[in-house]
Every structure is written in C-alpha cells, then in structure tokens.
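Working notes, beginning with the structure itself.
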Amino acid sequence: MTGKLEGHAALITGGASGLGEATARLFAQEGARVVVADIQDERGERIAGELGDAAVFQHTNVSDEASVAAAVDRAVKEFGRLDCVFANAGIVGAMGPIDETPVEEFDATMSINLRGVFLSMKHAARVMKPQKSGVILCTSSIAGLRGGLGPHVYATAKAALIGLTRNVAAELAPFAVRVNCIAPGNMATEMIAGLVTGDPDKVAEVGQAMAAGSPFPGRSGLPDDIAQAALYLSSEAGAFVSGHTLVVDAGLTTGSGQAMPLFTSYSPMVREAGRRGLPEA
Ligand SMILES: NC(=O)c1ccc[n+]([C@@H]2O[C@H](COP(=O)([O-])OP(=O)(O)OC[C@H]3O[C@@H](n4cnc5c(N)ncnc54)[C@H](O)[C@@H]3O)[C@@H](O)[C@H]2O)c1
C-alpha cells in the first residue's frame, strides 16, 4: 500500500517542535521526504535522524530571506522536486496592553509571524510556478479570526496570513499551485504551555487544562489534528481546495463550548408573525 504523499517532497518550517514536528512525522509516514527547517538545531537534527532517509534538517531562520531561500534550494537539491511548503514557524511574540507594547517588539513579532510566511511563500512560488504544481500552506490561528484570543501583534499577523493566503492563491491558481491556510485553536504544544504556565515543558499539564474547557469534553487539540489537516490540504484529497482557511478548533469559534440554553429543551416553533415580537408578514 502506498502513502498519500508517496514520492512527494515537502519543506516544513518550525518542523522541530509541536505542530510542525507532528506534520513532518505524518508526511514521512505517508511517503513524503521532508526538509525539517527550524532555528532549533539539536531538535531538528534529532527528528530528521529519527525519520531516516525520509528527512533532512536545515537550519532556517524564517525572518531572514537568504535563509529561507537556502532551505527551499536544499529541498530541491536533496529531493529533486518540491511539492509542499508548509510555512508554519511562529512565536507568541509581543504581549500586553497596546499602549505599553514597544514598537520594536511589534516589528520582531511580525518579522517571524508575517514576514517569515511571506518569504516562505515567495520562495515556494519561485520553484512551483515554473514546475506548474505544488501546495503552499501556512499556519494562522483562531486569534486571526476573532478578537481577544491572542496578543495584539500575534492576532494581527495571523489575520494577515488569511489575506495573504487568498491573494497568493489567486495569483498561483493558473500555475496549478494551491495555497491554503490552517487556523488551529488551542493545541497542546510547547508554545501554548509556555504562554499559559510560563514553562514550555508543561505540555501535558496544559493539555489537561485545555481538555477541561474544550467544546469536546475531555479532548484538547493535539499536534496530530493539525498534521492531518495539512495532509488533507497537501494531498490529492484536497486537489480542488485553494485560498481556504481550514479552522481546526473543535468549533470554538462557532460558539461551541459556551452554554446555550436554547439547545437544552424543546419548545414549539413560533409560526405566526406578530407573536412574541416577530414582524408582521
Ligand atoms: N499551539 C496552538 O494552539 C496554536 C494555535 C494557533 C496557531 N498556532 C501556530 O502554530 C505554529 C506552530 O506553533 P506550535 O504550537 O507548534 O509551537 P512550538 O513552539 O512547539 O513550535 C514552533 C516552532 O517554530 C520554530 N521557530 C520559531 N521562530 C523561528 C524562526 N525565526 N525560524 C524558524 N523556526 C522558528 C521554533 O523553534 C519551534 O520549533 C505557530 O505559527 C503558531 O503561531 C499554534
């Protein structure tokens, strides 16, 4: 039996941890070869080593154009092709009230969370346009969809990624290159553990806390939920999907998980206009 990505070559930024690591592992399991691109050398090397011939590690700082270009070139050199670039690397970045946020922290956060994705898309397109195939993915967030779900600069960058995805998808459709975005909500990773507890190692603890407040009782989001979304979007199963933001949040942004008394007991439908404040027909 062949995998869903048999023979494919992928580049995953932020591949040394969390959502990117889970995606690298799943892609390799599905037959892809992967460049794990990250600033964390030791972890990246270890993960690539565990994946054997299916992966190589490339030190990559996504906010640096030469570094991103080199990672894309490494994928092409190593595997002779490039089918998927997953621009996933990101940080929480600047935190706190807007009137106290130093502009340098705004710039530093945007340089990774927005410029890093722009550069990844730019250099993916450099290879994919002439080959007339490929998939570009990026990681937004539910913080980019609704207010109050993340720090200001983080939310700004994540909202911008949804617009960037749509625009680049519009440009690249004639080249048969699909561009999509994933918006995760509350996945148990080191980033969230660090944000919530101050200690990135407390992933299990934060996962339990998130499970308690999850729309799906007892079930927090897991890195593999995002890996599966990336697999769908990058494989043949997602062949007609482009410019889309796939929200993976157990319905949190629909209002799931909030008490809805309207759903608790049946009452007959109001059929006559004018009753209980309904407008006249
Ligand atoms: N965990 C969640 O609930 C959640 C929700 C929404 C969005 N996200 C997004 O998912 C993505 C992955 O986050 P995660 O939760 O797996 O966190 P994580 O901290 O486990 O992984 C992020 C990875 O990005 C790498 N990275 C950071 N800066 C980099 C740079 N300049 N160049 C290259 N690599 C860099 C880190 O070294 C790390 O390996 C991020 O973009 C994050 O904003 C996460």
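Bear in mind these aren't lab numbers, they're just calculated from the coordinates by the rules spelled out. Everything numeric in this text was worked out from a predicted model, so none of it was measured. Cβ placement follows ideal geometry from the backbone for every residue including glycine, while neighbour counts extend to all protein chains displayed.
So the values come out like this:
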{"quantity": "Set 207, 150: member being small (Gly, Ala, Ser), under 19 Å from residue 89 (Cβ atoms) and within 12 Å of the ligand (Cβ to nearest atom)", "calculated": "150"}
{"quantity": "Given (1) touching a residue at least 24 places away in the same chain (Cβ under 8 Å); (2) more than 15 Å from the ligand (Cβ to nearest atom); (3) of a type in the set (Val, Ile, Thr), number of the condition residue 136 does not satisfy", "calculated": "(2)"}
{"quantity": "Where residue 179 falls short, out of the listed (1) under 16 Å from the mean Cα position of the chain (by Cα); (2) hydrophobic (A, V, I, L, M, F, W, C); (3) within 11 Å of the ligand (Cβ to nearest atom)", "calculated": "(3)"}
{"quantity": "Some residue of segment 9-18 being farther than 23 Å from residue 144 by Cα and within 10 Å of the ligand (Cβ to nearest atom)", "calculated": "yes"}
{"quantity": "Out of 86, 79, sole residue that is aromatic (Phe, Trp, Tyr), touching a residue at least 12 places away in the same chain (Cβ under 8 Å), away from the ligand (no atom under 13 Å from the Cβ) and crowded, with 16+ Cβ neighbours inside 10 Å", "calculated": "79"}
{"quantity": "Test: residue in segment 33-52 that is within 10 Å of the ligand (Cβ to nearest atom), within 18 Å of the chain's Cα centre (by Cα), small (Gly, Ala, Ser) and within 20 Å of residue 128 (Cβ to Cβ)", "calculated": "yes"}
{"quantity": "Residues of segment 145-172 satisfying the condition of being closer than 14 Å to residue 241 by Cα and in contact with a Ser or Thr (Cβ under 6 Å, 6 or more places away or on another chain)", "calculated": "169"}
{"quantity": "Among the candidates 247, 241, residue that is within 16 Å of the ligand (Cβ to nearest atom), surrounded by 11 or more Cβ atoms within 10 Å (Cβ to Cβ) and of a type in the set (Val, Ile, Thr)", "calculated": "247"}
{"quantity": "Residue within segment 101-120 that is within 15 Å of the ligand (Cβ to nearest atom) and in contact with a strand residue (DSSP E or B) (Cβ under 6 Å, 6 or more places away or on another chain) present", "calculated": "yes"}
{"quantity": "Residue in segment 205-217 that is more than 14 Å from the chain's Cα centre (by Cα), outside any helix (DSSP H, G or I) and surrounded by 20 or more Cβ atoms within 10 Å (Cβ to Cβ) present", "calculated": "yes"}
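Listed here are the residues, each with its yes/no results for (1) under 25 Å from residue 84 (Cβ atoms); (2) among the hydroxyl-bearing types (Ser, Thr, Tyr); (3) buried (at least 21 other Cβ atoms within 10 Å of the Cβ).
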position	(1), (2), (3)
111	yes, yes, no
115	yes, no, no
131	yes, no, no
134	yes, no, yes
137	yes, no, yes
140	yes, yes, yes
145	yes, no, no
151	no, no, no
159	yes, no, no
